[in-house]
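What follows is a set of notes on a single structure, which appears directly below.
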């Protein structure tokens with residue numbers, strides 16, 4: 001066949017070291033996740049003994065025959081309050097980080113985050129509408145997740161529709177349309193907030209700043225299908241993201257249908273992010289800090305970055321939530337404030353590094 | 001064998017290529033030359049399936065219609081653009097492995113054969129010592145070899161290169177060209193190549209296609225196409241053509257004073273020219 005070289009044996013080929021996810025990458029990530037999860041379960045205002053909590057959890061595992069020292073109240077605190085909050089933190093953190101990594105891959109931009117195409121402003125407007133229409137009552141609060149999710153999806157759909165020009169759709173036009181849509185939705189939201197009372201404003205701000213503290217199993221179950229589907233699609237697309245890193249034209253020449261792949265990745269990342277913000281509010285910077293920290297640890301390949309983002313993203317947000325709950329205890333710091341507090345300086349470091357690279 | 005027939009491309013409402021036809025035999029090397037804006041890059045991008053086109057592109061009897069599956073096309077035609085994107089932190093191995101994208105399953109991992117092809121290409125292009133190095137740490141010449149390696153890893157019978165030596169110095173240009181020539185002799189690779197430097201075209205290609213305003217101006221062996229009057233007419237440059245050991249050598253010279261140039265203008269026109277004999281010099285005087 002023309003164009004083919006004689007091939008070496010398998011031994012020679014094994015000397016090459018393509019980027020691959022190995023146990024030495026996965027094990028520390030799993031350990032980090034377990035530490036974060038344990039830290040989250042053992043901290044809280046109920047005054048439960050940390051060992052008691054661990055024994056309570058272990059007692060539910062089959063074959064171990066450990067007896068829990070906690071009473072029924074303690075058991076309820078662990079399983080109905082702390083556990084759902086921890087699990088929700090894992091899910092939200094994982095999907096924000098993996099979406100951030102995927103957006104950075106699709107847009108070839110290290111500073112892209114999951115809110116790039118208007119998810120945050122759309123969700124913000126949706127949540128604001130739900131809160132002001134219900135006058136800040138309990139029924140309004142229960143409508144917030146659906147409204148926020150709807151707002152996020154509408155905003156990204158608007159960005160997509162507006163970014164199409166006569167010459168098709170480029171990543172630059174998508175980003176610019178995202179900026180315009182975000183500005184518009186935020187303007188409407190600000191207008192609505194100005195028109196309403198302080199009770200509603202309080203509720204809106206609490207939602208905007210993000211948090212997991214109202215988490216219950218119902219919220220976990222609400223978002224689990226979206227986050228699981230979104231993460232699965234993104235993990236499956238990790239090699240496509242590597243191929244996209246050489247730019248649209250070359251990726252197409254290598255055999256990738258770039259438009260199609262981009263649509264699938266953006267769609268999955270958007271769906272997962274929209275589900276996450278619908279229950280947790282706007283938690284910033286996770287989608288930037290986590291993928292970049294992993295790049296520093298394990299290199300730039302999306303084959304490692306995407307799966308590791310799930311693990312480290314989940315762990316990071318759970319730890320940030322522990323900080324949010326304990327830093328000024330008994331007062332709770334909004335989770336979005338904690339991630340931004342850690343994220344902003346990190347963002348600047350990444351910005352400086354990416355300048356060096358260009 | 002690469003056959004292009006009646007290829008037309010419209011870009012932004014303007015026709016950029018008007019029915020270009022050419023055929024390159026298996027193992028052949030066709031250089032596309034022409035002034036800026038002649039449509040050279042567009043021709044290559046059409047062959048690689050990167051722009052909408054009318055007319056047909058065939059590789060080894062396999063028709064590559066505009067809607068052809070991208071992966072199938074990537075297995076037939078490897079494309080090297082004028083300036084490749086080299087992600088600075090990606091290693092040479094990972095970059096070359098991207099050339100195997102069209103061979104392994106769409107979402108799956110690379111196979112043992114993909115790794116062996118990558119190893120063969122990396123070794124053949126002298127990149128083995130750099131295999132684990134990030135692309136950002138390579139010199140211009142090394143980077144261009146990595147790009148060539150990625151294209152070869154596609155194991156496509158046709159290699160399409162758009163000015164691959166633009167950013168290289170003379171020595172590295174020559175190195176890349178020699179490597180390409182060796183590879184086509186070794187593996188029967190068919191090469192389609194655009195180049196500004198007419199000398200490189202004359203030295204390496206079996207045939208030269210001169211494109212002007214999206215049409216084929218002349219097409220044939222370098223000795224036939226590279227005529228002083230042709231170069232003057234299509235490039236607006238005054239040159240002398242010297243017979244070299246590997247084909248004609250084009251030497252830009254200062255134009256004669258206007259009066260003398262006008263006096264000779266009618267005499268020399270483009271057309272089938274006789275082969276220049278060694279030591280014989282012609283110019284558009």
Taking only region A:187-217 into account, find how many residues are within 30 Å of residue A:78 (Cβ to Cβ) and modelled with pLDDT of 90 or more. 1
The residue that is nearest to the other protein chains (Cβ to nearest Cβ), considering only those in region A:1-32 that are under 19 Å from residue A:238 (Cβ atoms) and in contact (Cβ under 8 Å) with a residue 12 or more places away in the chain, is A:19
Given (1) under 18 Å from residue A:115 (Cα atoms); (2) touching a helix residue (DSSP H, G or I) at 6+ places or on another chain (Cβ under 6 Å); (3) modelled with pLDDT of 85 or more, number of the condition residue A:171 does not satisfy: (3)
Elements of type helices (runs of 4 or more DSSP H) in region B:184-285, at least 3 residues being surrounded by fewer than 16 Cβ atoms within 10 Å (Cβ to Cβ), out of contact with any strand residue (DSSP E or B) (no Cβ under 8 Å at 6 or more places or on another chain) and modelled with pLDDT under 90: B:258-265
Among A:297, A:311, the single one that is within 20 Å of residue A:339 (Cβ to Cβ) and surrounded by fewer than 22 Cβ atoms within 10 Å (Cβ to Cβ) is A:297
Between a residue in region A:69-93 that is modelled with pLDDT under 90 and any residue that is in a helix (DSSP H, G or I), which pairs come within a Cβ distance under 6 Å, given they are 6 or more apart or on different chains? A:69/A:52; A:69/A:55; A:70/A:52; A:70/A:56
Any idea which residue in region A:94-111 is modelled with the highest pLDDT, counting only those that are within 12 Å of residue A:288 (Cα to Cα) and surrounded by fewer than 24 Cβ atoms within 10 Å (Cβ to Cβ)? A:109
From the options B:133, B:145, residue that is within 14 Å of chain A (Cβ to nearest Cβ) and modelled with pLDDT of 90 or more: B:133
In the list A:290, A:306, A:279, which residue meets the criterion of being assigned to a helix (DSSP H, G or I), at pLDDT 95 or above and buried (at least 21 other Cβ atoms within 10 Å of the Cβ)? A:306
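Among the residues of region B:53-103, count how many are in contact with a strand residue (DSSP E or B) (Cβ under 7 Å, 6 or more places away or on another chain) and at negative phi.
19
The values are calculated or read from the model by the stated rules, or taken from the named source; none is laboratory data. This is a predicted model, so every value here is computed, not measured. In this analysis, Cβ positions are derived from the backbone assuming ideal geometry, glycine residues included, and neighbour counts consider all displayed protein chains.
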